[in-house]
Amino acid sequence: MRDRVNDEPVTNVHSPPIPVVDVQPGSAPVGAPLLDASVVETLRQLGLLGRLYPAFITALPDQIARLSAAVAADDRPGMRMLAHTLRGSSAQLGATALSEAFGVIEDALVRDGCSWSADPELSAELSALVRATTAAMAREAAATPDR
Amino acid sequence: MRVLVADDDPFSAAVMEALIRSAGLECLLASDGHEAWQLLQTADAPRIVFLDWMMPEIDGIELCRRIRVRATHEYTYVAILSSRNKQRDITLGFQSGADDFITKPYQTEEVLARLRVAERLIRSTGASVNLRRAIAEARESSGGDVIVRAEHRVGRIIFDRGRVAWAHISDEPGSLAAILAGEGSITREEVRAVLEECSATGENFADVLVAWGLITRELLRTVLTRWIQTKIARIAAFPAPVVIFSPESRVASSGVLLDPEEVIAPDLLHSAVTPDNGPLMVPGGATAHALSDDLARRIPQSLQQAIQIEGALSAAIFDLRDGLCLGARGEAVDLDLVWSKLRLAAMSDIWDDLEDIMISTRQHIYVLRPYTKAPPRSIFLAIDRATTKLGMVRRALAECVIA
C-alpha cells in the first residue's frame, strides 16, 4: 500500500530551473487563475486543504528537479510521465494556471518531432508561476485550521 | 464495500480517497499498476476499481483489459481516471472494458454519483434474482439453507424460523469456536472446554459460553452479526451462481438468531419494486434529493398517465443522481433490470442525443425517457410487446415527461 501524503511543514520553497520544450509562441497559459476558488473550497470541505497544499509545496521542487533530470537525460517517457503527473496533481489541487503550464509541456512532448531547448524567458515565466502558485497555496493553507 | 484507487499521483489519490470515504466506503490505494494488479489477485479483492490511465508499471487501460479477461473472478466495476478528455480517449477507455470514464480534476458530486452507480451495479450483479427469491422463500419457511454454488465454491445461509442463524462458505474457515478464539477474549482452551461441555450435555454452545461468563450475549451477538454480514456479502458476490433453497429443520449451533435486515444487504431482501401509490425508496443506500412541491404533485400524475398507455405493465420514475425511485405504478419491476437500464441512461452524453432508449425482449419492451433534464430524472415504462404499437407508446410517453 502506498504512503499517504505527508504532513511536513512548509518552509522556504525553492523552485529549481524549470525545463521547457519548444512550444508555440503564445501557447503558455494566459489568464487562468492561480487557484480555482471552487476547488479550494472543495478541498477545505473534505478536510484536505491543510494537508495537501503543504505537501504539494514541499514535493514540487523535487518533482521539477526530476523533470529537469529527465530532460537532461533525454528520457522521453520519464519526461512525459512527470509532466503528466504534475499537470494532473496541479489541476486536482485547483492550481489551474500551473496545470495548464505543465499541460503545455506535456502536449509538446506528445507531439512528434518536438525538440528540446532551454528557453530562459519561458523558464523564468514558469518559475514565477510556480512561486506565485505555491505562495497562494501557502496562504490558503495557513488560513485553514488543522482538522 | 471496498474501492481500489490506483494512481501514481498522491494528490489526486488523496482527493479520491476522501470522496470515497465520505460516501461511507472503504478505500485501498495503489501507487502503480503492478501494485493494483497484486491487490486484485487477493481473495477479497475490491470489486470497484478506479484506475488512473497513465501509471508506472502497468497503465490503467492495460490493467482494465487484464481484469476483463479473468474468467474466474467476480465482476469488477472499472472506472478509468484521466485528465484526457478527448472523445477518442474516452472511447478507448470503454473499448478496454471500462464501465466508466472520469476526467480529472474530479468534480465532487459527479464522482459521488458515479460511485453510487458502481455500488448499485456490483450489488445487482451479485444479487441475482434467484438469490433474492431463495432468501424470500427462506424467510417464509420454518427453516433451511439458501445454498449458493459457483463452480467449486458453495455458500450457505442458514435460516431458522425466518431469521438468520449462520453463514458459511465451503472453502473458507468458519467455525464459531474459531471466530471467538480469534476475538482474543476467549482462549482456544476455553472454547475446547465449552465444546466438550456441549457434547456431554447437549446444551447450546452460545448458552454455555454466556453461562460460564466467557462472553456476554451482547458481544456474542455483535461478533456474529459482523461475521455473518461479511459472509453473506461474499456469498452474494459469487459469479453466475446456482441458487436453491433447501428446507430443513435444524438447531442453530450459535443459539443466536439475527433478523435478516441486520445481516443481509437491503437489495437482497427486496424481490422487486412493488406497485405503490406513494414515493418508494430503492434499496441500496440511496439518498433522497428534495422534490419541489410542484414536482411532488406532477410525478404521481405522470405515472398515472404513463400506466394508462395501452400495453403498459409498469411505470416508474427514478432520480439518476442517486437511483432513488420517486414512485411506481403497475406490476412489480425487476430491480436488476431497471438498474441496468438506468445505468445506461445515466451516461449523460448519450441522453444529449437521444429522445429515449428502448430495449426489447421476447415479451416486453422497456422504454426509458428523460423525465426532467436538470436534475436528471428518468421515466421507465415496461410494456407488453404483443399488444402494443410502439410508435404510439413513444408518443404517449413523451407527453408524460417534463423534460
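The values are calculated or read from the model by the stated rules, or taken from the named source; none is laboratory data. Source: prediction; values computed, not measured. With ideal geometry, Cβ positions are generated from the backbone for all residues, glycine too; neighbour counts draw on all protein chains shown.
Residue count for the range B:307-347, restricted to those that are outside any helix (DSSP H, G or I) and either at pLDDT 65 or above or crowded, with 20+ Cβ neighbours inside 10 Å (or both): 26.
Let's see how each residue does on (1) within 14 Å of another protein chain (Cβ to nearest Cβ); (2) within 22 Å of residue A:84 (Cβ to Cβ); (3) crowded, with 22+ Cβ neighbours inside 10 Å; (4) in contact (Cβ under 8 Å) with a residue 24 or more places away in the chain:
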{"residue": "B:6", "(1), (2), (3), (4)": "yes, yes, yes, yes"}
{"residue": "B:24", "(1), (2), (3), (4)": "no, no, no, yes"}
{"residue": "B:38", "(1), (2), (3), (4)": "yes, no, no, no"}
{"residue": "B:52", "(1), (2), (3), (4)": "yes, yes, yes, yes"}
{"residue": "B:64", "(1), (2), (3), (4)": "no, yes, yes, yes"}
{"residue": "B:87", "(1), (2), (3), (4)": "no, yes, no, no"}
{"residue": "B:91", "(1), (2), (3), (4)": "no, yes, no, no"}
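Take residue B:132 and decide whether it is over 23 Å from residue A:91 (Cα atoms), part of a strand (DSSP E or B) and at pLDDT below 90. It is false that residue B:132 is over 23 Å from residue A:91 (Cα atoms), part of a strand (DSSP E or B) and at pLDDT below 90.
Residue B:69 falls short on exactly one of the conditions (1) surrounded by fewer than 22 Cβ atoms within 10 Å (Cβ to Cβ); (2) in the same structural domain as residue B:12 (by TED's automatic domain parsing); (3) within 19 Å of the chain's Cα centre (by Cα), and that condition is (3).
Among the conditions (1) touching a Ser or Thr at 6+ places or on another chain (Cβ under 8 Å); (2) free of Cβ contacts under 8 Å to residues at least 24 places away in the same chain; (3) closer than 21 Å to residue A:107 by Cα, the only one that residue B:81 does not satisfy is (2). Kindly check whether there is at least one residue in the range B:31-45 that is under 23 Å from residue B:113 (Cα atoms) and either assigned by TED's automatic domain parsing to the domain that holds residue B:149 or within 17 Å of the chain's Cα centre (by Cα) (or both). Within the range B:31-45, one or more residues are under 23 Å from residue B:113 (Cα atoms) and either assigned by TED's automatic domain parsing to the domain that holds residue B:149 or within 17 Å of the chain's Cα centre (by Cα) (or both). Annotation: residue A:94 fulfils all but one of (1) more than 8 Å from every other protein chain (Cβ to nearest Cβ); (2) more than 10 Å from the chain's Cα centre (by Cα); the unmet one is (1). Taking helices (runs of 4 or more DSSP H) as the structural unit, those lying wholly within the range B:1-113 and holding at least 3 residues that are under 29 Å from residue A:38 (Cβ atoms) correspond to B:10-22, B:87-95.
Pairs meeting the criteria (first residue in the range A:43-70 and at the interface with another protein chain (Cβ under 8 Å from one of its Cβ atoms) and touching a residue at least 24 places away in the same chain (Cβ under 8 Å), second residue of a type in the set (Val, Ile, Thr) and not in a helix (DSSP H, G or I), beta carbons under 8 Å, at least 6 apart or on different chains) are A:51/A:5; A:52/A:5; A:55/A:5. Enumerate the pairs (first residue in the range B:187-202 and in the same structural domain as residue B:214 (by TED's automatic domain parsing) and over 15 Å from residue B:215 (Cα atoms); second residue anywhere and of a type in the set (D, E, K, R) and surrounded by 12 or more Cβ atoms within 10 Å (Cβ to Cβ)) with beta-carbon separation below 9 Å, excluding pairs fewer than 6 apart on the same chain, so at least 6 apart or on different chains. Filtered contacts from the range B:187-202: B:197/B:203; B:198/B:207. Mind checking which residues of the range B:220-250 are closer than 20 Å to residue B:187 by Cβ and touching a residue at least 24 places away in the same chain (Cβ under 8 Å)? Across the range B:220-250, the qualifying residues are B:220, B:223, B:224, B:227.
Got at least one residue in the range B:160-176 being out of contact with any Phe, Trp or Tyr (no Cβ under 9 Å at 6 or more places or on another chain) and within 30 Å of residue B:14 (Cα to Cα)? The answer is no; no qualifying residue exists.
Identify the residue in the range B:239-256 that is crowded, with 19+ Cβ neighbours inside 10 Å and part of a loop (DSSP other than H, G, I, E, B) and, among all such residues, is modelled with the lowest pLDDT.
B:252
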